[in-house]
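Only one structure is covered here, and it is reproduced in the block below.
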Amino acid sequence: MIFQHNYIEGRTIEDVWRDAMWCCVRNGHAYRVEVGSYEGQTRKQLDYAVLRVLEPHTRPLSVRTPEACAFASPTSEDKIWRYFSDYIIGTEKSPNEDYTYGEFIVPQIPRAVALLNSAAGNTNQACIQIGNENSINLNDPPCLRVIAFKVVNGLLQLSLFFRSWDLFAALPENLGGLQLLKEYILAQLDFTVQDGPIVAYSDGLHIYEQYFPLVNRLNVEKIGQ
């Protein structure tokens, strides 16, 4: 069975992005969004998914689309860098934003680094939470909720949980930016450790209706209209 238990593993971010789209097309269910982003649209969504990127540091971080597809990649190296600097470790909100991930992440980084260094990586406590008890009252609560760092077999692993995750447009930029965060943490560790995998979990990994034609151009199996 292809993508049994909605588990996707690949070497690069691009490999996992492509296979995750195929998995969602094959195994996802369609439903109309009643509350949330793009209300009234239909999503194709996996009820749960586990993604493991073995070498997420591989450059380019951005995904590519074939020239024959005639549409641009949803992200780029520059966009990923700006996402990291402005939103993941940036705390300044634009007028239309309720939050940035950075306002939750940045205050917790020193403690996460200290925990990893004090234990030489042998700890499960370097876990950063996104959001607070008031986040559920927002019109658009944070999608990314947990970022965890731990050392496994000499590799710094980054684990993530997304409550909701736009597979086509957001996932490549999210993973690229969070890989830069992992490299930022790695540079502050004072023990021997190498860059490791990203393991991401979501119970709301989805493709929006507006992207169905583009996803169909990239996949063997097609989303029914």
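Modelled with pLDDT of 95 or more and either surrounded by 14 or more Cβ atoms within 10 Å (Cβ to Cβ) or not hydrophobic (A, V, I, L, M, F, W, C) (or both), is that true of residue 48? So residue 48 passes the test.
Only one of the listed residues (12, 58, 42) is touching a residue at least 40 places away in the same chain (Cβ under 8 Å), among the polar types (S, T, N, Q) and closer than 15 Å to residue 212 by Cα. That residue is 42. Which ones in region 12-53 are more than 20 Å from residue 220 (Cβ to Cβ) and of a type in the set (D, E, K, R)? If the condition is that a residue be more than 20 Å from residue 220 (Cβ to Cβ) and of a type in the set (D, E, K, R), then 32, 34, 39, 43, 47, 52 are the ones that fit. The residue of region 79-97 that is nearest to residue 150 (Cα to Cα), among those that are exposed (fewer than 13 other Cβ atoms within 10 Å of the Cβ) and of a type in the set (Asp, Glu), is 92. Filtering region 60-81 to residues that are charged (D, E, K, R) and more than 30 Å from residue 28 (Cβ to Cβ) leaves only 78. Scan region 13-59 for residues that are touching a Lys or Arg at 6+ places or on another chain (Cβ under 9 Å) and more than 20 Å from residue 140 (Cα to Cα) and report the count. Residues that pass the stated criteria total 13. Among the residues here, residue 210 does not qualify as of a type outside the set (Phe, Trp, Tyr) and closer than 18 Å to residue 101 by Cα. No other residue among 65, 58, 75 is out of contact with any Pro (no Cβ under 9 Å at 6 or more places or on another chain), surrounded by 14 or more Cβ atoms within 10 Å (Cβ to Cβ), assigned to a loop (DSSP other than H, G, I, E, B) and among the β-branched types (Val, Ile, Thr) apart from 58.
Screening 172, 141 for residues that are touching a helix residue (DSSP H, G or I) at 6+ places or on another chain (Cβ under 6 Å), more than 15 Å from residue 13 (Cβ to Cβ) and modelled with pLDDT of 95 or more leaves exactly one candidate, 141. Applying the condition of being in contact with a Leu (Cβ under 6 Å, 6 or more places away or on another chain) and surrounded by 14 or more Cβ atoms within 10 Å (Cβ to Cβ) to region 124-146 and asking which residue is nearest to residue 37 (Cα to Cα) yields 130.
For residues that are of a type in the set (Gly, Ala, Ser) and farther than 23 Å from residue 177 by Cα, scanning just region 6-36, find the one that is surrounded by the most Cβ atoms within 10 Å (Cβ to Cβ). Per the stated criteria, the residue is 28. Just so you know, in region 147-183 the residues that are of a type in the set (S, T, N, Q) and closer than 20 Å to residue 37 by Cα include one that is surrounded by the fewest Cβ atoms within 10 Å (Cβ to Cβ), and it is 164. Taken over region 78-92, the residue count meeting the criterion of being within 14 Å of the chain's Cα centre (by Cα) and among the hydrophobic types (A, V, I, L, M, F, W, C) is 3.
The values are calculated or read from the model by the stated rules, or taken from the named source; none is laboratory data. Predicted model only: the values in this text are computed from it and were never measured. Heads up, the Cβs are rebuilt from the backbone with ideal geometry, glycines too, and the neighbour counts pull from every protein chain shown.
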